[in-house]
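Asker: This is the structure I have questions about; it appears just below.
The values are calculated or read from the model by the stated rules, or taken from the named source; none is laboratory data. No experiment lies behind these values; they were computed from the predicted model shown. Please note: Cβ atoms are built from the backbone with ideal geometry, for glycine as well, and neighbour counts cover all protein chains shown.
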Amino acid sequence: MEATKQKTLKGSFSLFGKGLHTGLSLTVTFNPAPENTGLKIQRIDLEGQPTIDALAEYVVDTQRGTVIAKGDVRVGTIEHGMAALYAMGIDNCLVQVNGPEFPILDGSAEKYVEQIKKVGIVEQNAPKDYYIIRHKIEITDGESVITILPDDQFSITAMCSFQSKFISSQFATLDDVNKFADEIAPARTFVFVRDIMPLLQANLIKGGDLDNAIVIYEREVPQEKLDQLADLLHVPHIDATQIGYIQHKPLMWDNECTRHKLLDIIGDMALIGKPIKGRIIATRPGHTVNNKFARLIRKEIRKHEVQAPIYDPNDEPVMDNNRIRELLPHRYPMQLIDKVTAVGPTSIVGVKNVTANEPFFQGHFPQEPVMPGVLQIEAMAQCGGLLVLSQLEEPERWSTYFLKIDDVKFRKKVVPGDTLLFRVELVQPVRHGISTMKGYIFVGDTVVSEASFTAQIVKNK
């Protein structure tokens, strides 16, 4: 059970361009960050250079992109940069910008991906903290629906209907996030003429042009209005009777618009704060429903702050009962681990099936059997002992003994019929024969008890 490690950039890079909404000349710089930092955005043009955590609850506007804010500090048009970081596996990054939005660049995430590849990615020591989807989660906002289903990987399917005779219904799929750079990142943002006219007239997209967006002319307007739009975009006048795309370069794919919608979903999912394992199916997505969905997942994460290990009783154990007896000195009735299903350098997963025939139920309590808390901690410690012993050359010649127990919490009764899942992790590397560990016991997805403990590895006499 080798844990995937967190990642950050090997070095910093900057990108320059104008803001889509403000028209300002902007610079955004992506910097490496220590493990467990997450994604943060810093306004270096403001006094004190305030920083905002890139999390869904800080989103304050989704009308024309994703805008996060903390107090009076705002940063908009972050979705393309966030999508690139998420899809490229970057967990920790400090993004600095010298204005109220990221530059729009070419309207895609391609330039971000290019620069990430150029500076490189470095693996950090801390494990990557995935949130694994265990059951169907769904949110609806009008005609928009986003559903996520359990899966062992991250994938997305987006389906769009544009209420347009010119563009038919489309779908786009990303089954492998490693294909993001080639199949999704270059997809450009798009806008309909019917939507762009009022925005231009209201001076709300000062930086918009055909270098950073696909403009779709799919509903005939008077020639005068179309000429006015052409003047605002600084492009030649076109025949108002000719429906089609107004653009400098042709579509990269027939479904480029829907691929860009998928890109936006990934950018908004980056604000969950953890990488996800699950399959997203999005119907008519947009920043508003994307953010509502990200907030819902954030709520689920807080509800299940610590996730239970995945356990399939059909899988062959890493250690069966016989192997456990070879490593641990405990015997009936004190051998409290039935099998080990996964073990790695820093963590282990063990299993105990609690039956009605456990000897401790005779006195605890005959009429209402409850597994004693002290035995739960003992079982946790046995699991931890197996973790550290498994890494020794001759583990049978060593034993582990308790030195200290801290932060013990009992959250729910353990009763006959429960299957206990133990997850024990090394808090720090073993030094001088002393190991410090954190353990959790789960029944299903629920934590029933937890503790931190220190043990000593001692050679048998």
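Asker: Answer yes or no as to whether ASP268 is free of Cβ contacts under 8 Å to residues at least 40 places away in the same chain, acidic (Asp, Glu) and touching a helix residue (DSSP H, G or I) at 6+ places or on another chain (Cβ under 8 Å).
Answerer: The answer is no for ASP268.
Asker: Among what's in the range 410-433 and is at pLDDT 95 or above and among the β-branched types (Val, Ile, Thr), pick the residue that is surrounded by the most Cβ atoms within 10 Å (Cβ to Cβ).
Answerer: Residue satisfying both the conditions and the ranking: VAL424.
Asker: Then there is this: Please go through (1) under 30 Å from GLN367 (Cα atoms); (2) under 29 Å from the mean Cα position of the chain (by Cα); (3) surrounded by 21 or more Cβ atoms within 10 Å (Cβ to Cβ) for THR446 and return the number of the only condition it doesn't satisfy.
Answerer: (3)
Asker: Sticking with this one: Do we have TYR130 as among the aromatic types (Phe, Trp, Tyr), surrounded by fewer than 18 Cβ atoms within 10 Å (Cβ to Cβ) and under 30 Å from ALA308 (Cβ atoms) here?
Answerer: Working: among the aromatic types (Phe, Trp, Tyr): yes; surrounded by fewer than 18 Cβ atoms within 10 Å (Cβ to Cβ): yes; under 30 Å from ALA308 (Cβ atoms): yes.
Taking the combined requirement at face value, the residue satisfies it.
Asker: Looking at ARG331, ARG325, which one is over 22 Å from VAL427 (Cβ atoms), in a helix (DSSP H, G or I) and either more than 32 Å from the chain's Cα centre (by Cα) or not β-branched (Val, Ile, Thr) (or both)?
Answerer: Working: ARG331 fails: in a helix (DSSP H, G or I).
Of the residues listed, the single one that is over 22 Å from VAL427 (Cβ atoms), in a helix (DSSP H, G or I) and either more than 32 Å from the chain's Cα centre (by Cα) or not β-branched (Val, Ile, Thr) (or both) is ARG325.
Asker: Kindly indicate whether PHE192 is surrounded by 15 or more Cβ atoms within 10 Å (Cβ to Cβ), under 30 Å from LEU232 (Cβ atoms) and aromatic (Phe, Trp, Tyr).
Answerer: Considered against the rule, which asks whether it is surrounded by 15 or more Cβ atoms within 10 Å (Cβ to Cβ), under 30 Å from LEU232 (Cβ atoms) and aromatic (Phe, Trp, Tyr), PHE192 comes out as yes.
Asker: Identify, by number, the condition in (1) over 30 Å from MET269 (Cα atoms); (2) within 30 Å of the chain's Cα centre (by Cα); (3) of a type outside the set (S, T, N, Q) that PRO359 doesn't meet.
Answerer: PRO359 satisfies all of (1) over 30 Å from MET269 (Cα atoms); (2) within 30 Å of the chain's Cα centre (by Cα); (3) of a type outside the set (S, T, N, Q) except (2).
Asker: Quick check on this structure: which one of PRO395, PRO429 is assigned by TED's automatic domain parsing to the domain that holds PRO359, closer than 21 Å to ILE324 by Cβ and not small (Gly, Ala, Ser)?
Answerer: Unique residue meeting the criteria: PRO395.
Asker: If you don't mind, another one. Could you pull out the residue among ARG64, ARG74 that is surrounded by fewer than 19 Cβ atoms within 10 Å (Cβ to Cβ) and free of Cβ contacts under 8 Å to residues at least 60 places away in the same chain?
Answerer: Only one candidate qualifies: ARG74.
Asker: Restricting the first residue to the range 220-244 and requiring it to be assigned by TED's automatic domain parsing to the domain that holds ARG194 and in a helix (DSSP H, G or I), which pairs with a second residue that is hydrophobic (A, V, I, L, M, F, W, C) and surrounded by 12 or more Cβ atoms within 10 Å (Cβ to Cβ) meet a Cβ separation below 6 Å and a spacing of at least six or different chains?
Answerer: Partner pairs satisfying both residue conditions: GLN223/ALA240; LEU226/ALA240; LEU232/LEU200.
Asker: Ok, one more. Any residue at all in the range 18-41 that is in a strand (DSSP E or B), touching a strand residue (DSSP E or B) at 6+ places or on another chain (Cβ under 7 Å) and modelled with pLDDT under 95?
Answerer: Yes, some residue in the range 18-41 is in a strand (DSSP E or B), touching a strand residue (DSSP E or B) at 6+ places or on another chain (Cβ under 7 Å) and modelled with pLDDT under 95.
Asker: Follow-up. Scan the range 256-270 and give yes if some residue there is under 21 Å from VAL113 (Cβ atoms) and among the small types (Gly, Ala, Ser), otherwise no.
Answerer: Keep residues of the range 256-270 that are under 21 Å from VAL113 (Cβ atoms), which gives 256-270.
Applying the additional criterion that residues be among the small types (Gly, Ala, Ser) yields 267, 270.
Yes; the residues of the range 256-270 include at least one that is under 21 Å from VAL113 (Cβ atoms) and among the small types (Gly, Ala, Ser).
Asker: Select from the range 383-436 the residues that are free of Cβ contacts under 8 Å to residues at least 12 places away in the same chain and either on the phi > 0 side of the Ramachandran plot or within 29 Å of the chain's Cα centre (by Cα) (or both) and list them in ascending order.
Answerer: GLN428, PRO429, HIS432, listed by residue number.
Asker: Further, regarding this structure: Taking the range 383-409, which residues are surrounded by 14 or more Cβ atoms within 10 Å (Cβ to Cβ) and hydroxyl-bearing (Ser, Thr, Tyr)?
Answerer: Residues satisfying the conditions are SER390, SER399, THR400.
Asker: Oh, and also: Does any residue of the range 313-332 turn out to be closer than 22 Å to ILE90 by Cβ, surrounded by 18 or more Cβ atoms within 10 Å (Cβ to Cβ) and in contact with a strand residue (DSSP E or B) (Cβ under 6 Å, 6 or more places away or on another chain)?
Answerer: no
Asker: Could you list all residues from the range 43-61 that are over 20 Å from the mean Cα position of the chain (by Cα) and crowded, with 19+ Cβ neighbours inside 10 Å? Quick ask: steps written out before the conclusion?
Answerer: So the first thing to find is which residues in the range 43-61 are over 20 Å from the mean Cα position of the chain (by Cα), and the list is 43-51, 60-61.
Selection gives ARG43 alone.
Asker: Given (1) over 17 Å from LYS274 (Cβ atoms); (2) in a loop (DSSP other than H, G, I, E, B); (3) in contact with a helix residue (DSSP H, G or I) (Cβ under 8 Å, 6 or more places away or on another chain), where does ILE90 come up short, assuming only one miss?
Answerer: Going through (1) over 17 Å from LYS274 (Cβ atoms); (2) in a loop (DSSP other than H, G, I, E, B); (3) in contact with a helix residue (DSSP H, G or I) (Cβ under 8 Å, 6 or more places away or on another chain) one by one, ILE90 breaks only (1).
Asker: Take the conditions touching a Leu at 6+ places or on another chain (Cβ under 7 Å) and surrounded by fewer than 19 Cβ atoms within 10 Å (Cβ to Cβ) and apply them to PRO372. Does it pass?
Answerer: no
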